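Report on one structure; see the data block that follows.
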Amino acid sequence: MADFTISRLAVGLLLGALAAATTSCDLLEFSPNDTRAPASERDLTRKNLAVLAQQPVPTSGDTLRFVFTSDSQRYYDDVPPLVASINQQRGLAMVLVGGDISDFGLAREMRWVNDEFKKLNVPYLTVVGNHDLTQNGREAYQKIFGPLNYSFTYAGTRFILVNTNGREYEFNGHVPDVPWLQQQLADTVGVRRQVVMAHVPPDDGDFDTAVTPAYTSALEQAPRLVLHLTGHNDKFYVRQPVPGRVTYVSGYSVAQRNYLVLTLWGRHQYKLETISY
C-alpha cells in the first residue's frame, strides 16, 4: 500500500509540474508536429504590418527600397549572416521573404527563422511556400505568421501576397485564388504602383495549370503592376514573356548567399541590385 501511495504521489507531482510548465511557458512540445507557439511568436504578419504602418518612409520623394530573399529551408545557419548583411543596408523599408521558410512545415523551423529575422532593423513579411504547407505546416504557418493571402499598402505601393502552391492542394483549381487576386489588383485607391509576391511562379510544375491562364491574364491586365516576385527555383532571373506587360523576378535562396535590394520610383521604374554576403 505504501509503494502504491508513493507512486501515485509521484505521478501527481509530475502532472503538476507539466501543468505549471505549460502555463508559465505557454508552450510544451510533445511532438515535432506540434503547431503551438508562445504568444510572442504568433500572428507575426499582423504585428510586423503594425510596425511598418508606424514607420516613416526612409527614402525621399516617391522612392521605396526593400529587400527580397527566399527559401531559408535547410539553410538555417546561413540566416544570421543574411540578417547581419541586410542590417548594413541603408534606406530600407522592409524585407520580403518569398516562402519556404521551413523544410518540413514544422513550427519549430519557422520559429528558428523568426528568432533571427526579428533581429532585422526593419519589419519582415512572408508569403507561404510549398514546404511550409507539408505535414501540419498549414496550421503552423497560419498560427505563427497569419493569412495565406493578404495585401497591404505602404508608401503608395500595394503589395499583394498570394498562395500559389497548387500541388499542395492537389491541383484543385482554387489555388491560387484568382478572384481574390483580381479584387486586390482592382483596388487602386491611393495606390501608385503594385507588387505581387508568390512562392511558385506560374510556369512551374507545382503551379496549377488549370489556373495559369486566368492568373497570368489578371497580372497582364493590371496597369499599375510593376513586378511579380517569386522564390522556389533557387535561381535568379528577370523575365518579361509579354513585352511591356509583366516583369517576373525569381529571387535568390538563402543557400546562394545573395539577396536582392529593389528600388521603386515613379509608376513603373525599378532597379534590382544583387548583394552577396
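Taking N as the number of residues in the chain, what is its alpha-carbon radius of gyration divided by 2.2 N^0.38 Å?
Output field value: 1.13.
How big, on average over all directions, is the shadow cast by the Cα convex hull of segment 30-91, in nm²?
The directionally averaged projection comes out at 6.3 nm².
Can you spot the lysines whose alpha carbon is less than 23 Å from Lys143's alpha carbon? Ignore those fewer than 8 places along the same chain.
Within the straight-line limit of under 23 Å, Lys143 reaches these lysines: Lys47, Lys118, Lys119.
Can you list, largest first and rounded to whole Å, the semi-axes you get for segment 87-134 by taking the square root of 5 times each eigenvalue of its Cα gyration tensor?
23, 12, 6
Show me the trypsin sites (Lys or Arg not before Pro) within segment 156-262 that DSSP assigns to loop and that have at most 11 other Cβ atoms within 10 Å of their Cβ.
Qualifying residues, ordered by number: Lys235.
Apply 1/(1 + (r/R0)^6) to the Cβ-Cβ distance of Lys119 and Asp43, taking R0 = 22 Å, and write down the FRET efficiency to the nearest 0.05.
0.70
Of the candidates Asp208, Asp77, Asp132, which one comes out as most mobile in a Gaussian network treatment of the chain with C-alpha springs shorter than 10 Å?
Top of the fluctuation ranking is Asp77.
Cβ under 13 Å from Gln184's Cβ, Gln184 left aside: what net charge do those residues give with Lys, Arg +1 and Asp, Glu -1?
Taking every other residue near Gln184 into account, the sum is 0.
Most fluctuating residue of Thr209, Thr230, Thr126 in a GNM of the chain with Cα springs under 10 Å: which is it?
Thr209
Roughly speaking, to the nearest percent, how much of the chain's 1.4 Å accessible area is carbon and sulfur?
Solvent-exposed carbon and sulfur of the chain make up 54 percent of the total.
For segment 126-220, what is the relative contact order in percent, using Cα pairs closer than 8 Å and at least 6 residues apart in sequence?
30 percent
Compute the separation of the alpha-carbon centres of segment 71-138 and segment 164-207 and state it in Å as a whole number.
So the two Cα centres are separated by 21 Å.
For the chain, what is the percent of antiparallel DSSP beta bridges, rounded to the nearest 5?
50 percent
The values are calculated or read from the model by the stated rules, or taken from the named source; none is laboratory data. Predicted, not measured: the structure shown is a model, and the values here were computed from it. FYI the Cβ positions are ideal-geometry reconstructions off the backbone, even for glycines, and counts take in every protein chain you see. Quick note on the areas: whole protein, heavy atoms, side chains included, nothing else; ligands and nucleic acids left out. Shrake-Rupley method; radii C 1.70, N 1.55, O 1.52, S 1.80 Å.
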